[in-house]
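See structure below.
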Amino acid sequence: MATETTDAAGVCVDAGGSALGMPQLCADWMPNQIFWLLVTLIAIYFVMSRIALPRIGAVLAERSGTITNDIAAAEELKNKAAEAEAAYDQALLDARAEAQKIVAEAKAEIQAELDVELQKADAQIAAKTAESEAAIGEIRAGAVKSVTQVAKDTAKELVAAMGGTADAKTITAAVTARMKG
Amino acid sequence: MAEEKEGGLVFHPLDQFIVEPLFGNGPVHWYTVTNLTVWMVIALAAIVAVFVLGSRGRAVIPTRLQSIGELIYGFIYKMVEDVCGKDGLRYFPYIMTLFLFILFSNYLALIPMSYSPTSMIAVTAILGFGVFFAVTILGFVKNGPAFLGLFWMSDAPAILRPIIAVIEVISYFVRPVSHSIRLAGNIMAGHAVLKVFAGFAALTLVSPVAIFGIVAIYGLEVLVCGIQAYVFTILTCVYLKDALHPAH
């Protein structure tokens, strides 16, 4: 194939439309590539630097600002929540203390009443006991007297039956002496 | 593309890179609208769609398209800031332009029947040498002769300093070459390999293997396209850092 084919796309292509050597090295095409490359690069540069990059930069800055603000707000709300929780806990503690105080007071009151009632009951029991003891003492005294009388009478009768005579005085003394023993 | 000619398979894996006029059949002048022009304009349109139309709402809670734009913006912004420092952020729009052009051209070139501008050495050479000259001029404007301190390792032993300086100068001038050939070479090689596999797919016997090969290479190319755009951009940032802070 003759390299000086000037028809079709140029000198770097053979008659069949295939490349002669590397198309990359075809000097005839290079000005075209360079020209369009520069046009494209300049176009990209202007689109980027005039429109896209400032816009995206602004959006990113705005977003980071928003995120910072939101985090600050969240922090504030968290603090508020913590405060509220502390207040709630405090209220709970107060209520508990109050309840305990009321319970203690009620207990003391009940205890006092109970003490009074107990004392009253004790006093009544003591009075009844004393009464009973007095009655028992009386009964006992009565019993002793009766026994003494019976003993004297029996002794007198016994002495009389045995044929002796005994004056009442002597017998009484003897019986009393015996009963003491 | 493989064509069954009398005699067997003929591969033309490089035909996909031919520049052809879009209208008519004339010669390719510097101003001719070609297939390359079309795909550059498509790249531009895609960039506008993502970055201008996508961010149209200026929404605090972004739409999907807007968050893609924001992700790329944040990615490059952070790269420039990390590598070049705060004073490198002035050049962020330029670096963003380079990155977007390469990224979108690379990925659009993965569409079947498309054209890949970044596989052309003339295109990447302009990008690479453009970065090289811009950075060198910027270095001298910002630092004056002190920019030459870039080549003088003050913490190396005195005897080694001139030798290191020579090596540094050579490596500095090789930068634009490697910078541009790396990108063009990667993209061109990937596309050529895809075409070769596609050519083998015409043979019944090996076509399953060839098609599996196409899928595998395509997956690799998806990675390469992103990585090459990233590498080109981060190297640009590194060179820019050298211009802004030449002291070693």
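The values are calculated or read from the model by the stated rules, or taken from the named source; none is laboratory data. Since we're looking at a predicted model, the values are computed, not measured. Cβ atoms come from the backbone with ideal geometry, glycine included; neighbour counts cover every protein chain shown. Quick note on the areas: whole protein, heavy atoms, side chains included, nothing else; ligands and nucleic acids left out. Shrake-Rupley method; radii C 1.70, N 1.55, O 1.52, S 1.80 Å.
Points worth noting:
- Only lysines eight or more places from A:K128 in sequence, or on another chain, were considered; those with a Cα closer than 25 Å are A:K120.
- Taken over the protein assembly as shown, the alpha-carbon convex hull comes to 462 cubic angstrom per residue.
- Straight-distance candidates among the lysines for linking to A:K152, with alpha-carbon spacing under 28 Å and chain neighbours fewer than 8 residues away dropped: A:K169, A:K180.
- If you take the Cα centroid of the range B:130-144 and the Cα centroid of the range B:16-45, the two points sit 33 Å apart.
- Nearest-ten-degree value, helix A:30-46 long axis tilted from longest Cα axis of chain A: 40
- Gyration tensor over the Cα atoms of the range A:38-136: the corresponding equivalent ellipsoid has semi-axes (square roots of 5 times the eigenvalues, largest first) of 93, 7, 4 Å.
- Taking only the Cα atoms of the range A:95-181, the ratio Rg/Rh comes out at 1.64, with Rh defined as the Kirkwood radius.
- For the protein assembly as shown, with all protein chains in place and a probe radius of 1.4 Å, 69% of the accessible heavy-atom surface sits on carbon or sulfur.
- In terms of the mean number of neighbouring beta-carbon atoms within 10 Å, the peptides A:73-85, B:133-145, B:94-106, B:71-83 order highest first as B:94-106, B:71-83, B:133-145, A:73-85.
- In straight-distance terms, cross-link reach from B:K142 covers every one of the aspartates and glutamates whose alpha-carbon lies under 16 Å from its own, apart from those fewer than eight places away in the same chain; here that gives B:D87, B:D242.
- Dipole size of chain B about its Cα centre, with +1 on Lys/Arg Cβ and -1 on Asp/Glu Cβ: approximately 660 debye, rounded to the nearest 20.
- Shielding by partners - mean other protein chain Cβ count within 10 Å, residues of B:84-96: 2
- Sequence-distant contacts, meaning Cα pairs under 8 Å at least 6 residues apart, place the relative contact order of chain B at 27 percent.
- With eigenvalues of the C-alpha gyration tensor scaled by 5 and rooted, the range B:2-244, Å: 37, 25, 18
- Between 0 and 90°, nearest 10: helix B:121-143 axis offset from chain B longest Cα axis: 10
- The range B:106-165 - Debye-derived log10 I(q)/I(0), Cα point model, q = 0.15, 0.16, 0.26 Å⁻¹: -0.67, -0.70, -0.99
- Within 10 Å of each Cβ in A:55-64, the average number of Cβ atoms from other chains: 5
- Helix B:35-48 vs. chain B, principal-axis angle (Cα, 0 to 90°, nearest 10): 60
- Computed over the alpha carbons of chain A, Rg followed by Dmax gives 67.0, 198 Å.
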